[in-house]
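Everything on this sheet refers to the single structure shown next.
No value in this document is a laboratory result; all are computed from the given coordinates. Here the structure is a predicted model, which means the values were calculated and not measured. Don't worry about glycine lacking a Cβ; one is built from the backbone with ideal geometry, like all the others, and counts go over all protein chains shown.
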Amino acid sequence: MAVLLASLLSSSRLWADDPMSSSALPSDEPLYIKLKPTHKVKMSALKPGNTVQGNLVQDVYFLDQQILAAGNPIRLTVDKMQRRRRIPNDHWPWVIKFFTPRHELYPIFHSATGIMQTGAEVPLRVSLLSISPERQIRIQTKKSGANTGVSSQTGQDHKSSKEQPGAALPTITLEGAELNPGPRLASATGATAATLPTGTQAQIILLDAVSASKSLVGDTVRARLIEPVWLDNKIVLPEGTLFQARVTRRVPPRMLSRAGILQLEFTTLTEPGGPANPISASVTEVQAERRSHMKIDPEGRINGEHPGKAWMLINGATTAGIAKEVDDGTQLILEAIISTATDASTAGTARIAATCVSGIFMLTRHGRDVVLPKFTQLTIALDRPATVSLRSAD
């Protein structure tokens with residue numbers, strides 16, 4: 001199922017303008033919740049009142065506090081079903097997309113219950129961000145092209161995902177808040193600054209969409225930290241820290257099926273209630289829709305992959321069909337205009353016209369785009385050490 005996104009949400013308050021909610025969520029920073037269903041569910045067949053059982057695929061944090069742990073069960077209740085515009089992906093060429101339904105039916109969740117290891121239940125108010133099977137796209141080495149980086153709980157490498165049980169199950173991504181939050185404890189550290197070493201990783205989600213075809217060099221992109229960053233067994237950056245990046249390179253998809261290229265450089269981080277700090281960080285991993293075709297090179301550039309066999313076969317078949325229609329149409333037109341024309345005399349001209357038109361069609365086919373929708377989860381790593389000023393503990 002294609003990625004489904006909520007409407008544009010302001011700054012770090014992802015749920016502030018959620019049109020699906022009948023009442024506002026609590027005023028705390030939203031929780032970022034990601035889970036997989038425990039069994040295969042046809043999302044479009046759900047009805048209001050149905051429940052979806054799942055397990056968290058990563059920890060849920062509020063600032064520097066863990067609310068729920070990865071693996072904890074969670075139960076979602078369907079509030080209603082809604083028909084929404086389908087978000088296209090780059091798996092198929094435009095010929096297939098043209099005949100794909102423009103809308104699809106999917107569930108809206110407003111309430112959920114997380115179950116802790118102790119058996120205690122945590123009631124949540126939630127709002128859907130996306131439903132999509134996911135996979136990891138990791139940075140590749142120069143020599144072997146092998147994937148590098150720390151493995152994650154949210155997906156598998158493209159080649160191994162077929163071998164993993166449940167790999168095709170959709171990942172349900174939500175924002176939420178506790179309905180009965182406990183006391184919020186201040187961080188125990190009294191440090192005012194810390195130096196993060198080169199290679200320090202951070203898990204973030206994008207607050208703005210970005211793509212090789214529509215973004216421009218110099219455009220700014222906002223992101224939010226979803227898991228605290230640790231240093232010497234202490235939390236240095238809490239969940240909710242804001243990052244800012246800029247587009248340093250973009251090459252839109254081009255003719256001859258050449259794919260797009262996108263590169264982001266993260267330049268600033270701002271801890272909640274703290275000052276802005278300059279950094280230099282690049283993308284090392286993307287949690288993308290399972291059928292996305294992207295790769296990350298050692299410089300952190302995200303490249304669209306070359307068209308696959310199915311893509312080329314479909315475009316080839318379309319080209320053959322166009323050539324046949326142009327051939328037949330040209331002969332009919334010439335015979336209608338020239339009374340003495342025959343099939344034999346117009347065949348050569350028709351073939352030339354068919355060859356020209358089909359050749360132009362193939363030459364003008366653009367390659368795959370690089371699209372990072374809003375709420376895409378990324379892993380970034382510092383390219384050099386960064387000294388950050390920290391918020392004082394309350």
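Close amide H pairs (under 5 Å, H built 1.01 Å from N) link residue 279 with 268, 269, residues at least 5 positions away or on another chain.
Amide H to amide H, with H built 1.01 Å from N, residue 57 comes under 5 Å of 34, 35, 36, 71, counting only residues 5 or more places away or on other chains. Couplings 3J(HN,Hα) of segment 194-207, computed from phi: 8, 10, 8, x, 4, x, 4, 9, 9, 9, 10, 10, 6, 9 Hz, in residue order, whole Hz [Karplus 6.51 cos²θ - 1.76 cosθ + 1.60, θ = phi - 60°; x for Gly and Pro].
Rounded to whole Å, give me the distance from the Cα center of segment 106-134 to that of segment 265-284. Distance between centres, Cα-based: 30 Å. Modelled label positions at residue 44 and residue 105, each set 7 Å beyond Cα in the direction of Cβ, lie 0.9 nm from each other.
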